[in-house]
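First the structure, which I've put down as C-alpha coordinates, then a few questions once you've had a look.
The values are calculated or read from the model by the stated rules, or taken from the named source; none is laboratory data. On a predicted model such as this, the values are computed, not experimentally measured, just so you know. So basically every Cβ, Gly included, is an ideal-geometry build from the backbone, and we count neighbours across all protein chains shown. Just the protein is used for accessible areas: all its heavy atoms, side chains included, with ligands, DNA and RNA removed. Shrake-Rupley method; radii C 1.70, N 1.55, O 1.52, S 1.80 Å.
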Amino acid sequence: MPFPFDIPDNEKSELISKILKYTTRTQEENAQLKERVNILEQEIHRLKGLNGKPDIKPNTPKNDDSSSKPGDDNDAGAGHQKRDTGKPDERTKKKRKKPPKPSNPIRKRVAPVNIPEGSEYKGLNLYGVQEITFTVSLIQYELEHWVTPDGDSIYGRLPESVQGYHFGPELRSYVLHQHHACGVTEQQLLESLWDRGVSISAGELSNLLTLNHDDFHAEKDDLLTTGLFHCPYLQVDDTGARHQGQNGYCTFIGSPEFAWFGSTESKSRENFLSLLHRPWTTLVLNEHAMSYLEDHNCPAKWRKVFQECLCVHFFNRESWDAFLDDCGLTKPRLRQKASEAMLYGSLLSHGVRSDLPIHSDGAGQFDVFIRSGCWLHAGRPICAFW
(Lines give C-alpha, C1' and ligand atoms only; values in the text may rest on other atoms or scores of the structure.)
Protein backbone atom coordinates (compact mmCIF):
# COMPACT_ATOMS: atom_id res chain seq x y z
CA MET A 1 0.00 0.00 0.00
CA PRO A 2 1.62 3.32 -1.02
CA PHE A 3 2.20 6.00 1.58
CA PRO A 4 0.16 9.23 1.44
CA PHE A 5 2.10 12.07 -0.10
CA ASP A 6 1.61 14.34 2.88
CA ILE A 7 3.73 12.16 5.28
CA PRO A 8 7.27 13.42 5.75
CA ASP A 9 10.18 11.14 4.92
CA ASN A 10 11.35 10.84 8.53
CA GLU A 11 7.89 9.68 9.63
CA LYS A 12 7.79 7.19 6.75
CA SER A 13 11.04 5.64 8.00
CA GLU A 14 9.72 5.46 11.54
CA LEU A 15 6.47 3.84 10.33
CA ILE A 16 8.37 1.28 8.27
CA SER A 17 10.51 0.43 11.30
CA LYS A 18 7.40 -0.16 13.45
CA ILE A 19 5.86 -2.36 10.79
CA LEU A 20 9.04 -4.46 10.56
CA LYS A 21 9.16 -4.86 14.35
CA TYR A 22 5.49 -5.85 14.44
CA THR A 23 6.04 -8.39 11.62
CA THR A 24 9.04 -9.90 13.40
CA ARG A 25 7.14 -10.20 16.68
CA THR A 26 4.17 -11.78 14.91
CA GLN A 27 6.42 -14.35 13.23
CA GLU A 28 7.99 -15.23 16.59
CA GLU A 29 4.57 -15.64 18.21
CA ASN A 30 3.41 -17.86 15.32
CA ALA A 31 6.48 -20.05 15.75
CA GLN A 32 5.81 -20.38 19.49
CA LEU A 33 2.15 -21.23 18.88
CA LYS A 34 3.07 -23.87 16.29
CA GLU A 35 5.46 -25.44 18.77
CA ARG A 36 2.79 -25.44 21.49
CA VAL A 37 0.22 -26.99 19.13
CA ASN A 38 2.74 -29.71 18.26
CA ILE A 39 3.31 -30.46 21.95
CA LEU A 40 -0.45 -30.62 22.64
CA GLU A 41 -1.03 -32.91 19.66
CA GLN A 42 1.64 -35.29 20.94
CA GLU A 43 0.06 -35.24 24.40
CA ILE A 44 -3.38 -36.03 22.93
CA HIS A 45 -1.89 -38.93 20.97
CA ARG A 46 -0.25 -40.24 24.15
CA LEU A 47 -3.45 -40.01 26.23
CA LYS A 48 -5.48 -41.74 23.50
CA GLY A 49 -2.87 -44.45 23.10
CA LEU A 50 -2.29 -43.60 19.45
CA ASN A 51 0.98 -43.94 17.57
CA GLY A 52 3.06 -40.80 17.73
CA LYS A 53 4.94 -39.10 14.93
CA PRO A 54 7.69 -41.44 13.68
CA ASP A 55 11.20 -40.42 14.67
CA ILE A 56 13.00 -40.86 11.31
CA LYS A 57 16.61 -39.69 11.23
CA PRO A 58 17.92 -37.98 8.06
CA ASN A 59 20.30 -39.85 5.80
CA THR A 60 23.95 -38.95 6.31
CA PRO A 61 26.98 -40.06 4.27
CA LYS A 62 29.01 -42.90 5.69
CA ASN A 63 32.27 -42.11 7.39
CA ASP A 64 35.17 -43.34 5.23
CA ASP A 65 37.63 -43.16 8.10
CA SER A 66 39.01 -46.70 8.44
CA SER A 67 39.96 -46.05 12.06
CA SER A 68 36.32 -46.06 13.13
CA LYS A 69 34.85 -49.38 14.10
CA PRO A 70 31.35 -50.67 13.42
CA GLY A 71 29.07 -49.78 16.30
CA ASP A 72 31.21 -46.83 17.37
CA ASP A 73 29.21 -43.77 18.42
CA ASN A 74 31.12 -41.65 15.91
CA ASP A 75 30.51 -44.03 13.02
CA ALA A 76 27.19 -42.61 11.87
CA GLY A 77 27.56 -39.05 13.06
CA ALA A 78 25.27 -37.05 15.31
CA GLY A 79 22.20 -37.89 13.23
CA HIS A 80 22.30 -41.57 14.22
CA GLN A 81 22.77 -41.35 17.95
CA LYS A 82 20.87 -43.91 19.98
CA ARG A 83 17.54 -42.55 21.09
CA ASP A 84 17.04 -42.30 24.82
CA THR A 85 14.09 -44.52 25.68
CA GLY A 86 12.46 -43.99 29.04
CA LYS A 87 11.73 -46.95 31.24
CA PRO A 88 8.07 -47.78 31.94
CA ASP A 89 6.68 -46.36 35.17
CA GLU A 90 3.29 -45.84 36.79
CA ARG A 91 2.31 -43.33 34.07
CA THR A 92 2.95 -45.76 31.22
CA LYS A 93 -0.29 -46.96 29.67
CA LYS A 94 -0.73 -50.68 30.19
CA LYS A 95 -1.65 -52.64 27.08
CA ARG A 96 -4.37 -55.23 27.30
CA LYS A 97 -3.24 -58.82 26.99
CA LYS A 98 -4.89 -61.46 24.89
CA PRO A 99 -7.28 -63.51 27.06
CA PRO A 100 -6.54 -67.21 27.52
CA LYS A 101 -8.19 -69.78 25.31
CA PRO A 102 -11.50 -71.19 26.57
CA SER A 103 -11.21 -74.18 28.85
CA ASN A 104 -13.07 -77.49 28.43
CA PRO A 105 -13.06 -77.52 24.62
CA ILE A 106 -15.59 -79.47 22.61
CA ARG A 107 -13.70 -82.45 21.18
CA LYS A 108 -14.41 -83.63 17.65
CA ARG A 109 -12.31 -86.45 16.23
CA VAL A 110 -11.70 -86.35 12.49
CA ALA A 111 -10.45 -89.47 10.71
CA PRO A 112 -8.72 -89.46 7.34
CA VAL A 113 -10.69 -90.40 4.26
CA ASN A 114 -9.95 -93.73 2.58
CA ILE A 115 -7.40 -95.21 5.02
CA PRO A 116 -5.42 -97.91 3.16
CA GLU A 117 -5.32 -101.36 4.66
CA GLY A 118 -2.32 -102.05 6.82
CA SER A 119 -2.02 -98.42 8.01
CA GLU A 120 -0.79 -97.96 11.60
CA TYR A 121 -2.49 -95.53 14.07
CA LYS A 122 0.04 -93.03 15.54
CA GLY A 123 -2.11 -90.88 17.82
CA LEU A 124 -3.75 -87.45 17.44
CA ASN A 125 -2.67 -84.05 16.16
CA LEU A 126 -4.52 -81.29 18.01
CA TYR A 127 -5.82 -78.27 16.08
CA GLY A 128 -7.81 -75.68 18.07
CA VAL A 129 -10.47 -73.44 16.51
CA GLN A 130 -12.34 -70.74 18.47
CA GLU A 131 -15.90 -69.97 17.40
CA ILE A 132 -18.70 -67.67 18.53
CA THR A 133 -22.34 -68.45 17.82
CA PHE A 134 -25.35 -66.11 17.65
CA THR A 135 -28.68 -67.91 17.90
CA VAL A 136 -32.16 -66.42 18.24
CA SER A 137 -34.77 -68.40 20.14
CA LEU A 138 -38.27 -67.66 21.40
CA ILE A 139 -39.15 -68.89 24.88
CA GLN A 140 -42.94 -69.15 25.24
CA TYR A 141 -43.80 -69.17 28.95
CA GLU A 142 -47.10 -70.96 29.57
CA LEU A 143 -48.36 -69.39 32.77
CA GLU A 144 -50.88 -71.67 34.43
CA HIS A 145 -54.16 -70.06 35.46
CA TRP A 146 -55.94 -71.36 38.53
CA VAL A 147 -59.11 -70.22 40.26
CA THR A 148 -59.32 -70.67 44.02
CA PRO A 149 -62.50 -71.79 45.82
CA ASP A 150 -62.94 -68.15 46.80
CA GLY A 151 -63.06 -67.13 43.13
CA ASP A 152 -59.61 -65.49 43.03
CA SER A 153 -57.33 -66.06 40.03
CA ILE A 154 -53.70 -67.06 40.50
CA TYR A 155 -51.10 -67.35 37.74
CA GLY A 156 -47.67 -68.88 37.34
CA ARG A 157 -44.86 -66.44 38.10
CA LEU A 158 -42.32 -65.46 35.46
CA PRO A 159 -38.59 -65.74 36.28
CA GLU A 160 -37.28 -62.57 37.88
CA SER A 161 -34.83 -61.93 35.01
CA VAL A 162 -37.64 -61.43 32.46
CA GLN A 163 -40.32 -59.77 34.56
CA GLY A 164 -41.44 -56.63 32.73
CA TYR A 165 -39.46 -57.53 29.58
CA HIS A 166 -40.17 -59.38 26.36
CA PHE A 167 -36.43 -59.82 25.76
CA GLY A 168 -34.11 -62.07 27.75
CA PRO A 169 -31.20 -60.92 29.95
CA GLU A 170 -28.53 -62.07 27.50
CA LEU A 171 -30.07 -60.07 24.65
CA ARG A 172 -30.46 -56.99 26.87
CA SER A 173 -26.83 -57.26 28.02
CA TYR A 174 -25.65 -57.56 24.42
CA VAL A 175 -27.66 -54.45 23.39
CA LEU A 176 -26.30 -52.35 26.27
CA HIS A 177 -22.71 -53.46 25.65
CA GLN A 178 -22.86 -52.75 21.93
CA HIS A 179 -24.36 -49.27 22.38
CA HIS A 180 -22.53 -47.96 25.46
CA ALA A 181 -19.23 -49.84 25.40
CA CYS A 182 -18.70 -50.25 21.63
CA GLY A 183 -20.34 -47.00 20.48
CA VAL A 184 -22.78 -48.65 18.04
CA THR A 185 -25.59 -46.27 17.10
CA GLU A 186 -29.22 -47.27 17.62
CA GLN A 187 -29.91 -47.48 13.88
CA GLN A 188 -26.87 -49.69 13.21
CA LEU A 189 -27.68 -51.84 16.24
CA LEU A 190 -31.29 -52.23 15.07
CA GLU A 191 -30.20 -53.36 11.60
CA SER A 192 -27.67 -55.77 13.13
CA LEU A 193 -30.37 -57.35 15.30
CA TRP A 194 -32.69 -57.64 12.33
CA ASP A 195 -29.94 -59.33 10.31
CA ARG A 196 -29.63 -61.92 13.08
CA GLY A 197 -33.39 -62.53 13.09
CA VAL A 198 -34.39 -60.65 16.27
CA SER A 199 -37.95 -59.29 15.99
CA ILE A 200 -37.61 -55.90 17.70
CA SER A 201 -38.84 -52.43 16.77
CA ALA A 202 -36.95 -49.15 16.99
CA GLY A 203 -39.10 -48.05 19.95
CA GLU A 204 -38.50 -51.30 21.85
CA LEU A 205 -34.75 -50.96 21.28
CA SER A 206 -34.82 -47.37 22.54
CA ASN A 207 -36.68 -48.49 25.67
CA LEU A 208 -34.05 -51.17 26.36
CA LEU A 209 -31.33 -48.51 26.16
CA THR A 210 -33.03 -45.79 28.22
CA LEU A 211 -35.65 -47.24 30.61
CA ASN A 212 -35.64 -49.43 33.74
CA HIS A 213 -32.01 -48.80 34.64
CA ASP A 214 -32.55 -48.07 38.34
CA ASP A 215 -30.08 -50.79 39.31
CA PHE A 216 -27.35 -49.06 37.32
CA HIS A 217 -28.12 -45.69 38.93
CA ALA A 218 -28.08 -47.29 42.39
CA GLU A 219 -24.71 -48.85 41.60
CA LYS A 220 -23.42 -45.44 40.46
CA ASP A 221 -24.53 -43.81 43.72
CA ASP A 222 -22.94 -46.62 45.73
CA LEU A 223 -19.72 -45.97 43.81
CA LEU A 224 -19.71 -42.33 44.95
CA THR A 225 -20.43 -43.31 48.55
CA THR A 226 -17.58 -45.82 48.55
CA GLY A 227 -15.21 -43.24 47.08
CA LEU A 228 -16.09 -40.69 49.79
CA PHE A 229 -15.10 -43.12 52.54
CA HIS A 230 -12.12 -44.95 51.03
CA CYS A 231 -10.27 -42.56 48.70
CA PRO A 232 -7.51 -40.33 50.13
CA TYR A 233 -8.75 -37.31 48.15
CA LEU A 234 -11.34 -36.26 45.58
CA GLN A 235 -10.61 -34.59 42.27
CA VAL A 236 -13.53 -32.51 40.98
CA ASP A 237 -14.35 -30.37 37.96
CA ASP A 238 -17.39 -29.30 35.95
CA THR A 239 -18.16 -28.30 32.39
CA GLY A 240 -21.06 -26.79 30.50
CA ALA A 241 -23.49 -29.20 28.85
CA ARG A 242 -26.55 -28.59 26.71
CA HIS A 243 -29.43 -31.07 26.68
CA GLN A 244 -32.77 -30.76 24.89
CA GLY A 245 -32.18 -27.08 24.23
CA GLN A 246 -31.41 -26.25 27.89
CA ASN A 247 -28.05 -25.21 29.33
CA GLY A 248 -26.75 -27.39 32.14
CA TYR A 249 -23.57 -28.57 33.80
CA CYS A 250 -21.83 -31.91 34.17
CA THR A 251 -19.81 -32.35 37.37
CA PHE A 252 -17.00 -34.89 37.65
CA ILE A 253 -16.09 -36.36 41.05
CA GLY A 254 -13.37 -38.97 41.16
CA SER A 255 -9.90 -40.14 42.11
CA PRO A 256 -7.39 -42.62 40.66
CA GLU A 257 -9.74 -45.40 41.87
CA PHE A 258 -13.13 -44.29 40.48
CA ALA A 259 -14.97 -41.73 38.33
CA TRP A 260 -18.50 -40.40 38.87
CA PHE A 261 -20.47 -37.93 36.74
CA GLY A 262 -23.65 -36.00 37.53
CA SER A 263 -25.64 -33.60 35.33
CA THR A 264 -27.57 -30.72 36.90
CA GLU A 265 -28.87 -27.26 36.01
CA SER A 266 -26.55 -25.40 38.40
CA LYS A 267 -22.85 -25.22 39.30
CA SER A 268 -23.15 -23.54 42.73
CA ARG A 269 -21.55 -24.72 45.95
CA GLU A 270 -24.96 -25.86 47.15
CA ASN A 271 -25.22 -28.00 44.03
CA PHE A 272 -21.78 -29.53 44.63
CA LEU A 273 -22.66 -30.39 48.24
CA SER A 274 -25.98 -31.84 47.05
CA LEU A 275 -24.11 -34.13 44.64
CA LEU A 276 -21.86 -35.35 47.45
CA HIS A 277 -24.97 -35.87 49.59
CA ARG A 278 -26.94 -37.61 46.81
CA PRO A 279 -26.74 -41.17 48.23
CA TRP A 280 -28.49 -40.04 51.42
CA THR A 281 -31.93 -38.47 51.85
CA THR A 282 -31.96 -37.63 55.57
CA LEU A 283 -30.64 -34.15 56.43
CA VAL A 284 -29.27 -33.06 59.81
CA LEU A 285 -28.94 -29.57 61.28
CA ASN A 286 -26.09 -29.96 63.78
CA GLU A 287 -23.11 -28.17 65.32
CA HIS A 288 -21.06 -28.57 62.13
CA ALA A 289 -23.75 -26.70 60.22
CA MET A 290 -23.74 -23.91 62.82
CA SER A 291 -19.96 -23.64 62.56
CA TYR A 292 -20.29 -23.38 58.76
CA LEU A 293 -22.81 -20.53 59.12
CA GLU A 294 -20.52 -18.69 61.53
CA ASP A 295 -17.49 -19.08 59.23
CA HIS A 296 -19.50 -17.68 56.29
CA ASN A 297 -20.79 -14.63 58.18
CA CYS A 298 -24.43 -15.63 58.43
CA PRO A 299 -26.41 -12.97 60.38
CA ALA A 300 -26.68 -13.67 64.10
CA LYS A 301 -30.48 -13.40 63.87
CA TRP A 302 -30.76 -16.48 61.69
CA ARG A 303 -28.06 -18.38 63.56
CA LYS A 304 -30.17 -17.97 66.68
CA VAL A 305 -33.23 -19.33 64.85
CA PHE A 306 -31.31 -22.36 63.65
CA GLN A 307 -29.74 -22.88 67.09
CA GLU A 308 -33.20 -23.46 68.55
CA CYS A 309 -33.72 -26.33 66.05
CA LEU A 310 -30.36 -27.97 66.62
CA CYS A 311 -30.13 -31.73 65.98
CA VAL A 312 -33.41 -31.77 64.05
CA HIS A 313 -33.52 -34.41 61.30
CA PHE A 314 -35.28 -33.67 58.02
CA PHE A 315 -36.47 -36.62 55.98
CA ASN A 316 -35.81 -34.98 52.60
CA ARG A 317 -35.03 -31.68 50.87
CA GLU A 318 -38.70 -30.76 50.57
CA SER A 319 -39.14 -30.80 54.36
CA TRP A 320 -36.05 -28.58 54.73
CA ASP A 321 -37.41 -26.04 52.23
CA ALA A 322 -40.75 -26.06 54.06
CA PHE A 323 -38.89 -25.38 57.31
CA LEU A 324 -37.16 -22.36 55.77
CA ASP A 325 -40.54 -21.07 54.56
CA ASP A 326 -42.00 -21.42 58.06
CA CYS A 327 -39.03 -19.52 59.49
CA GLY A 328 -39.66 -16.66 57.04
CA LEU A 329 -36.26 -16.94 55.37
CA THR A 330 -37.04 -15.72 51.86
CA LYS A 331 -33.80 -14.08 50.66
CA PRO A 332 -32.27 -16.39 48.05
CA ARG A 333 -28.69 -15.75 49.14
CA LEU A 334 -29.39 -16.51 52.81
CA ARG A 335 -31.44 -19.59 51.90
CA GLN A 336 -28.53 -20.85 49.82
CA LYS A 337 -26.06 -20.34 52.67
CA ALA A 338 -28.38 -22.10 55.09
CA SER A 339 -28.79 -25.02 52.68
CA GLU A 340 -25.02 -25.24 52.21
CA ALA A 341 -24.52 -25.37 55.98
CA MET A 342 -27.20 -28.03 56.43
CA LEU A 343 -25.69 -30.20 53.65
CA TYR A 344 -22.18 -29.75 55.04
CA GLY A 345 -23.23 -30.73 58.55
CA SER A 346 -25.29 -33.62 57.27
CA LEU A 347 -22.33 -34.99 55.29
CA LEU A 348 -20.19 -35.00 58.42
CA SER A 349 -22.98 -36.68 60.40
CA HIS A 350 -23.05 -39.49 57.80
CA GLY A 351 -19.34 -40.14 58.35
CA VAL A 352 -17.60 -38.03 55.68
CA ARG A 353 -14.22 -36.74 56.91
CA SER A 354 -13.99 -33.03 57.67
CA ASP A 355 -10.36 -33.06 56.42
CA LEU A 356 -11.24 -34.63 53.05
CA PRO A 357 -8.97 -32.98 50.43
CA ILE A 358 -10.81 -31.55 47.41
CA HIS A 359 -8.43 -31.22 44.43
CA SER A 360 -9.80 -28.74 41.87
CA ASP A 361 -9.23 -25.53 39.97
CA GLY A 362 -9.95 -22.10 41.43
CA ALA A 363 -13.75 -22.30 41.08
CA GLY A 364 -15.50 -21.14 44.25
CA GLN A 365 -18.16 -23.87 44.25
CA PHE A 366 -15.50 -26.43 45.24
CA ASP A 367 -14.22 -24.44 48.23
CA VAL A 368 -15.33 -26.92 50.93
CA PHE A 369 -13.49 -29.25 53.31
CA ILE A 370 -9.70 -29.05 52.64
CA ARG A 371 -9.03 -27.23 49.38
CA SER A 372 -6.03 -28.09 47.20
CA GLY A 373 -5.31 -26.32 43.92
CA CYS A 374 -4.70 -28.12 40.66
CA TRP A 375 -1.07 -27.76 39.53
CA LEU A 376 -2.17 -27.55 35.90
CA HIS A 377 -4.34 -24.49 36.52
CA ALA A 378 -1.71 -22.99 38.79
CA GLY A 379 0.90 -23.27 36.04
CA ARG A 380 -1.17 -21.59 33.34
CA PRO A 381 -0.42 -17.99 34.43
CA ILE A 382 3.27 -18.85 34.51
CA CYS A 383 3.15 -20.32 30.97
CA ALA A 384 1.24 -17.27 29.76
CA PHE A 385 3.83 -14.98 31.31
CA TRP A 386 6.75 -16.76 29.69
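Just need a number here: residues in the range 93-136 that are closer than 30 Å to GLY197 by Cα and open to solvent by less than 100 Å² (accessible area, probe 1.4 Å). Working first, answer last.
Of the residues in the range 93-136, the ones closer than 30 Å to GLY197 by Cα are 99, 101-108, 128-136.
Keeping just the survivors that are open to solvent by less than 100 Å² (accessible area, probe 1.4 Å) gives 99, 102-103, 105, 128, 136.
Going through the range 93-136 one residue at a time, the tally reaches 6.
May I pose another question? For the list (1) at pLDDT 90 or above; (2) closer than 16 Å to THR282 by Cβ; (3) open to solvent by 50 Å² or more (accessible area, probe 1.4 Å), I need the number of the one condition that ASP325 fails.
(2)
Quick grid of which residues meet (1) open to solvent by 70 Å² or more (accessible area, probe 1.4 Å); (2) at pLDDT 80 or above:
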| position | (1), (2) |
| --- | --- |
| MET1 | yes, no |
| ASP9 | yes, no |
| ARG25 | yes, yes |
| ARG36 | yes, yes |
| GLU41 | yes, yes |
| LYS53 | yes, no |
| ASN59 | yes, no |
| LYS62 | yes, no |
| SER68 | no, no |
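OK, next. For GLY183, state whether it is of a type outside the set (A, V, I, L, M, F, W, C), within 30 Å of SER137 (Cβ to Cβ), out of contact with any His (no Cβ under 9 Å at 6 or more places or on another chain) and touching a residue at least 24 places away in the same chain (Cβ under 8 Å).
Details: of a type outside the set (A, V, I, L, M, F, W, C): yes; within 30 Å of SER137 (Cβ to Cβ): yes; out of contact with any His (no Cβ under 9 Å at 6 or more places or on another chain): yes; touching a residue at least 24 places away in the same chain (Cβ under 8 Å): no.
Taking the combined requirement at face value, the residue does not satisfy it.
Oh, and also: Suppose we filter ASN247, ASN286 for residues that are under 16 Å from TYR344 (Cβ atoms) and either among the polar types (S, T, N, Q) or open to solvent by less than 20 Å² (accessible area, probe 1.4 Å) (or both); which single one remains? Give the derivation first.
On the way: ASN247 fails: under 16 Å from TYR344 (Cβ atoms).
So the residue among ASN247, ASN286 that is under 16 Å from TYR344 (Cβ atoms) and either among the polar types (S, T, N, Q) or open to solvent by less than 20 Å² (accessible area, probe 1.4 Å) (or both) is ASN286.
Another question, then. Considering each residue of the range 289-299, count those that are open to solvent by 70 Å² or more (accessible area, probe 1.4 Å) and outside any helix (DSSP H, G or I), and give that number. If you could, list the steps in order and put the result at the bottom.
The first filter runs over the range 289-299 and keeps only residues open to solvent by 70 Å² or more (accessible area, probe 1.4 Å), leaving 294-295, 297.
Now drop any that are not outside any helix (DSSP H, G or I), which leaves 297.
Qualifying residue count, the range 289-299: 1.
Next question, about the same structure. Checking GLN81 against (1) at pLDDT 70 or above; (2) within 49 Å of the chain's Cα centre (by Cα); (3) not hydrophobic (A, V, I, L, M, F, W, C), which single condition isn't satisfied?
(1)
Quick check: is even one residue across the range 252-266 among the aliphatic types (A, V, I, L, M), crowded, with 18+ Cβ neighbours inside 10 Å and within 21 Å of HIS359 (Cβ to Cβ)? Steps first, please.
To start, the set of residues in the range 252-266 that are among the aliphatic types (A, V, I, L, M) comprises 253, 259.
After this cut, where a residue has to be crowded, with 18+ Cβ neighbours inside 10 Å as well, the list is 253.
After this cut, where a residue has to be within 21 Å of HIS359 (Cβ to Cβ) as well, the list is 253.
Yes, the conditions are met somewhere in the range 252-266.
Restricting attention to the range 258-274, which residues are in contact (Cβ under 8 Å) with a residue 40 or more places away in the chain and either more than 19 Å from PHE229 (Cβ to Cβ) or part of a helix (DSSP H, G or I) (or both)?
Looking only at the range 258-274, we keep the residues that are in contact (Cβ under 8 Å) with a residue 40 or more places away in the chain, and these are 260, 267-274.
Of everything in the range 258-274, those that are in contact (Cβ under 8 Å) with a residue 40 or more places away in the chain and either more than 19 Å from PHE229 (Cβ to Cβ) or part of a helix (DSSP H, G or I) (or both) turn out to be LYS267, SER268, ARG269, GLU270, ASN271, PHE272, LEU273, SER274.
Same structure, new question: Consider the range 148-170. How many of its residues are surrounded by 12 or more Cβ atoms within 10 Å (Cβ to Cβ), in a helix (DSSP H, G or I) and out of contact with any helix residue (DSSP H, G or I) (no Cβ under 9 Å at 6 or more places or on another chain)? Break it down into steps so the answer makes sense when it comes.
Step one: of the range 148-170, the residues surrounded by 12 or more Cβ atoms within 10 Å (Cβ to Cβ) are 158, 162, 165, 167-169.
Now restrict to residues that are in a helix (DSSP H, G or I): 162, 169.
From what's left, out of contact with any helix residue (DSSP H, G or I) (no Cβ under 9 Å at 6 or more places or on another chain): none.
Number satisfying all stated conditions: 0.
If the requirement is being under 24 Å from SER137 (Cα atoms) and touching a residue at least 40 places away in the same chain (Cβ under 8 Å), which of these qualifies: LEU176, LEU228, LEU193, LEU208?
Working: LEU176 fails: touching a residue at least 40 places away in the same chain (Cβ under 8 Å); LEU228 fails: under 24 Å from SER137 (Cα atoms); LEU193 fails: touching a residue at least 40 places away in the same chain (Cβ under 8 Å).
The conditions single out LEU208.
Rundown of residues vs (1) farther than 27 Å from HIS179 by Cα; (2) open to solvent by less than 70 Å² (accessible area, probe 1.4 Å); (3) touching a Gly at 6+ places or on another chain (Cβ under 6 Å), yes/no style:
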{"residue": "ASP195", "(1), (2), (3)": "no, no, no"}
{"residue": "LEU209", "(1), (2), (3)": "no, yes, no"}
{"residue": "ALA218", "(1), (2), (3)": "no, yes, no"}
{"residue": "LEU228", "(1), (2), (3)": "yes, yes, no"}
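Still on this structure: When the range 143-164 is examined, which residues are found to be under 22 Å from LEU205 (Cα atoms) and without any contact (Cβ under 8 Å) to a residue 40 or more places away in the chain? Full working, then the answer.
Start the filter on the range 143-164 by keeping residues that are under 22 Å from LEU205 (Cα atoms), which leaves 158-164.
The answer is LEU158, PRO159, GLU160, SER161, VAL162, GLN163.
Now for a different question. Check SER173 against each of (1) farther than 30 Å from GLU144 by Cα; (2) exposed (fewer than 11 other Cβ atoms within 10 Å of the Cβ); (3) under 26 Å from the mean Cα position of the chain (by Cα) and name the one condition it does not meet.
Status for SER173: all satisfied but (1).
Follow-up question, since we're still on this one. May I ask you to say which residue of VAL312, VAL236 is more than 20 Å from the chain's Cα centre (by Cα) and open to solvent by less than 60 Å² (accessible area, probe 1.4 Å)?
VAL312
Tell me whether the range 246-257 contains one or more residues that are more than 19 Å from the chain's Cα centre (by Cα) and outside any strand (DSSP E or B). Can you show your working first?
Going through the range 246-257, the residues more than 19 Å from the chain's Cα centre (by Cα) turn out to be 246-247.
Subsequent filtering for residues that are outside any strand (DSSP E or B) retains none.
Checked against the condition, which is being more than 19 Å from the chain's Cα centre (by Cα) and outside any strand (DSSP E or B), the range 246-257 yields no hits at all.
Follow-up. For residues that are in contact with a strand residue (DSSP E or B) (Cβ under 7 Å, 6 or more places away or on another chain) and within 14 Å of CYS327 (Cα to Cα), tally how many sit in the range 278-309.
Number of matching residues: 2.
Another one. Which residues, taken from the range 328-364, are of a type in the set (A, V, I, L, M, F, W, C), surrounded by fewer than 22 Cβ atoms within 10 Å (Cβ to Cβ) and closer than 20 Å to VAL312 by Cα?
At the first step, the residues of the range 328-364 found to be of a type in the set (A, V, I, L, M, F, W, C) are 329, 334, 338, 341-343, 347-348, 352, 356, 358, 363.
If we keep only those that are surrounded by fewer than 22 Cβ atoms within 10 Å (Cβ to Cβ) as well, we get 329, 334, 348, 352, 356, 358, 363.
Selection gives LEU329, LEU334, LEU348, VAL352.
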